[in-house]
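Please treat every number below as a calculation from the coordinates, not as lab data. The structure displayed is predicted, hence computed values, not measured ones. When we count neighbours, we look across all protein chains shown, and the Cβ atoms used for this are built from the backbone with ideal geometry, even at glycine.
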Amino acid sequence: MDFRMDRRKMLLGALGTGAVAATGLRMPAYAQNAPIRMGWLSTLEGPFATGGQDAWRCTQMIMEENNNQAGGRRVEIVRESSNAQADVALARARKLVEQDNVDFMVGPLSGAEGIAVRDYSRTRPNQAFINGGSGAADTTLRNVSPNFFRFNMDGTQWMAGLGNYVRRTLNVQEVAIVAGDYAFPYAQVFGFSLEFCRAGGRATYLWSPLGTTDYSSIIARIPRTAGALVVIHGGSDGLAFMTQYAQAGGSLPLIGGSIMADQSMLSARGPHRRLMVGMVSAGPLADVVDDPRWVDFTNRYRARWGREGFNSPSIHGYNYYVAMQGVLLALNAVRGDLSGGQQGFMRALAASDYTTPMGARMRLDHNRQAISDTFLNRIEERGGQAVTVAFDRARDVNQTLGVPEAQFLALGAPSRDNTGCVAQS
Amino acid sequence: MSDSRPGGGHGGIWMTGGLAATVVLNGLTLAALYFIVASGFSLIFGLMRTVNMAHGSLYMLGAYVGYAVFEPLYDQDLWYAWHVGILAGIASAAAFGVLMQVSLLGWMQGQELRQALVTIGVSIIVADQLLAFFGGTSRQFFAPDSIFGSTTLPEIGRYPTFRLVQIGIAVGVGVALWLLLNKTRLGLMIRAGVDDRQMLAATGVNVPLVSLAVFALGAGLAGLGGIIGSTAQPLVQGVDVRFLLTSLVVVIVGGMGSIAGTAIGAILVGLAEQVGQAMFPTYSVILTFLIMSAVLALRPQGILGRPA
């Protein structure tokens, strides 16, 4: 097509521009109708790739339920992937914020990543950072960031009740704990040991770096005296460990961390599934719980994803869904208004109080950290599929497990050398 | 053995006899896998002086293609599912290796830096294509039940049978390579080519064809390693980099182009990883690189390598 600019067209164009400018002046809501740009970060690569994919499924579900809108504005998602390494998560978060110019972001998925993104959030005080599913304890306990919000409990909270159950009800004196050597398992080990050792239990700790593929020498070190094996691995590390433990003929009663007794493990095929039936675990969700909201949610999940998804939503998918609930409710509360350094939006986030699909109340504490319910689960075979079934529930678990904050902080940050295993004097 | 728990359950900070035996066996079985993968890498380098930085991609490609063939057969409970998977893995990796040699590396023979850069490029493309096609879900092969359970060994207790099979396969590969290189006409040509390519060509041997055969063989070994490795450990995105790095360390330690050297390198690296994991898991990776640094400092051509 031949397009020539002549005087008449230029005049029309100028008039048009003027008209738009004039309307813009009369309607200050113009900017409000531009779409909200949300950054989304999860692990679509690396050891937690399956969990990351499920996080995306559940994010899509809640966006579709809301017609991709919140507070009267369309929400656009810019999606990025990391691989459970803190430096990669940090680089991708920076890319979302600084190059893709997102208004705020949701993510990341894994423990050490969360601490890195939390630190980055401090340099961008006028933007909200909403955690995706990462569960290291210190993310919201030490060096907290005023604009970092976490709508999932940390690894320590998720273990509430498990240590006591293993020591007192199962009457196990000594356990071996195999765990990943990074921030999230530190938190889980801490939560378990705190109760288990206080109740007089003894524990041996066997750490291995995230991404280990050959666990044979770790398995060889499990003490003969251990009465149960606590497995705090997840993703492909968890799969590798459990497969190799099964191959080695392992037969100890199994206790699982929150991301071990999960559909991201149970939906994968292999010899580990047989071994995992009977495993007792703790976490923010169970595949089977007697609550109509959960039945409805899992039915919608299966209807939406069919064979592509898991048998039931994974913990990672669930975490992102719950985080997105908080985000969308806060956006509705401020009618999509992100002006003024997002202060209104952040106040709405901090004041969140809603019910998750598990029927658990979700609130944030003064560090913008979730207070909610944890469940004690047992893995059962139902209809030819292994599922986690809730048999007990702890309500309103806060980040210090009910211990006064100063006293809890005095226990020190969870690490491989600070396992929380302090016997009661 | 009265104690039926894995490894007999030997505790303590220091290693007791039984634990030490288990850890050594773990190291040897891991070394077997490393040998299978690195021998192909060493072979290709030995003849063509090509540092094939896409060797890990051949491992991953073979594993994923093998898996795509294996899974439907396994779903039907066919006993030969795993065996067919192995053949598919070897064939696909070998075919891709040949394709790479014909289309890219053949005409830049002798330009080592260029070849290294091109193969790095290929490895990035292959990794992304595999991610796009197969997704990030981890997968694993399940060997027939006869070799997938555990075997009771003296001193050690129950031990995964498949890890012992791994040693058998590695020994088989080593012997076959030795026979091929030392007892066949092709082996004669390969060894002559290592010493002097031009002279070999002058005697009427079709050197590009020999190169192609070697590339197919080396790539096929990577594919074999892919299936064996993904039976013992999960198959995930990123294993390409891990096995490329391991292959590099193994041949640097053992000596480029030497099959016996590769075996020694694989054993050292496998043992270092397992002993490190048992004694100081967080820092075990350092041990491997300490060995590499020591070899580079004292014997830069590798333990059995010939001076350049």
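Report the Cα centroid-to-centroid distance between segment A:272-326 and segment A:62-98 in angstrom, as an integer.
Each part's Cα centre sits 22 Å from the other's.
Report, to two decimal places, the Cα Rg of segment A:196-279 normalised by 2.2 N^0.38 Å (N = number of residues).
Cα Rg divided by the expected 2.2 N^0.38 Å: 1.05.
Rounded, prolate or oblate: pick one for chain A, where a ≥ b ≥ c are the square roots of the eigenvalues of its C-alpha gyration tensor, a/c under 1.5 means rounded, and failing that, prolate if a/b is larger than b/c, else oblate.
Details: a/c = 2.25, a/b = 1.96, b/c = 1.15.
Prolate shape, in that a/c is at least 1.5 and a/b is the bigger ratio.
What size of dipole, in debye to the nearest 20, comes out for chain A about its Cα centre when the only charges are +1 on Lys and Arg C-beta atoms and -1 on Asp and Glu C-beta atoms? Present the calculation step by step, with values, prior to reporting the outcome.
Details: 42 positive and 37 negative charges, 147 e Å.
Dipole size: approximately 700 debye.
May I ask which residue of A:238, B:29, B:132 lies farthest towards the positive end of the charge dipole of the protein assembly as shown, with charges of +1 (Lys, Arg) and -1 (Asp, Glu) on Cβ and the Cα centre as origin?
B:132
By how many degrees, 0 to 90 and rounded to 10, does the Cα axis of helix A:292-305 deviate from the longest principal axis of chain A?
The angle comes out at about 70 degrees.
At what distance in angstrom do the alpha carbon centres of segment B:95-121 and segment A:159-177 lie from each other?
57
As I understand it, the value is the acute angle between the Cα axis of helix A:49-65 and the longest principal axis of the Cα atoms of chain A; what does it come to in degrees, rounded to 10?
Approximately 50 degrees, to the nearest 10.
Counting each pair of different Cα atoms once, what's the Kirkwood radius of the protein assembly as shown in Å, rounded to one decimal? Before the final figure, lay out the partial values.
Working: mean 1/r = 0.0362 Å⁻¹.
After inverting the pairwise mean of 1/r, the radius is 27.7 Å.
Below 11 angstrom from the Cβ of residue A:412, what's the summed charge of the other residues (Lys, Arg +1; Asp, Glu -1)?
Working: positive: A:142; negative: A:138, A:417.
So the surrounding residues net to -1.
What are the DSSP H helices in chain B that stretch 18 Å or more along their long axis, judged by alpha-carbon atoms, and whose average Kyte-Doolittle hydropathy comes to at least 1.6? Intermediate values should be presented prior to the final figure.
Working: long enough: B:17-48 (45 Å, 1.80); B:55-75 (30 Å, 0.43); B:81-100 (28 Å, 1.72); B:112-134 (32 Å, 1.39); B:161-183 (32 Å, 1.43); B:207-232 (37 Å, 1.77); B:239-254 (22 Å, 2.12); B:259-279 (30 Å, 1.31); B:284-298 (22 Å, 2.57).
The answer, listed by residue number, is B:17-48, B:81-100, B:207-232, B:239-254, B:284-298.
Scaled to the compact-protein estimate 2.2 N^0.38 Å, what is the alpha-carbon radius of gyration of segment B:147-198, rounded to two decimal places?
On the way: Rg = 18.0 Å, N = 52, 2.2 N^0.38 = 9.9 Å.
For segment B:147-198, the normalised Cα radius of gyration is 1.82.
For residue B:207, what charge total do you get from the other residues with a beta carbon under 11 Å from its beta carbon, if Lys and Arg give +1 and Asp and Glu give -1? If you can, show how the numbers build up before the last one.
Numbers: positive: B:197; negative: B:196.
Within the 11 Å Cβ shell, the charges total 0.
So for A:272, B:83, A:366, A:316, fewest C-beta neighbours within 10 Å to most, what's the order?
So the ranking, lowest neighbour count to highest, is A:366, B:83, A:272, A:316.
Considering all alpha-carbon pairs of segment B:195-308, what whole percent are spaced by more than 18 angstrom? Walk me through the intermediate numbers first.
On the way: 3989 of 6441 pairs.
Of the Cα pairs, 62 percent sit more than 18 Å apart.
Given a cut-off of 19 Å, what percent of all Cα-Cα pairs of segment A:229-278 lie beyond it?
Working: 97 of 1225 pairs.
Cα-Cα pairs in segment A:229-278 separated by more than 19 Å: 8 percent.
Calculate how many DSSP beta bridges within the protein assembly as shown are antiparallel, expressed in % of all such bridges and rounded to the nearest 5. Spell out each step's value before the answer.
Values: 26 of 60 bridges.
Restricted to the protein assembly as shown, the bridges split so that about 45 percent are antiparallel.
When the C-alpha atoms of segment A:306-425 are aligned to their principal axes, what extent does each axis show, in angstrom, from largest down?
Sorted largest first, the three principal extents are 50, 49, 25 Å.
Compute the helix-to-body angle for A:235-247: its Cα long axis versus the longest principal axis of chain A, expressed 0 to 90° and rounded to tens.
Here the helix axis deviates by roughly 20 degrees.
Roughly how many whole Å is it from the C-alpha centroid of segment B:207-251 to that of segment B:253-303?
18
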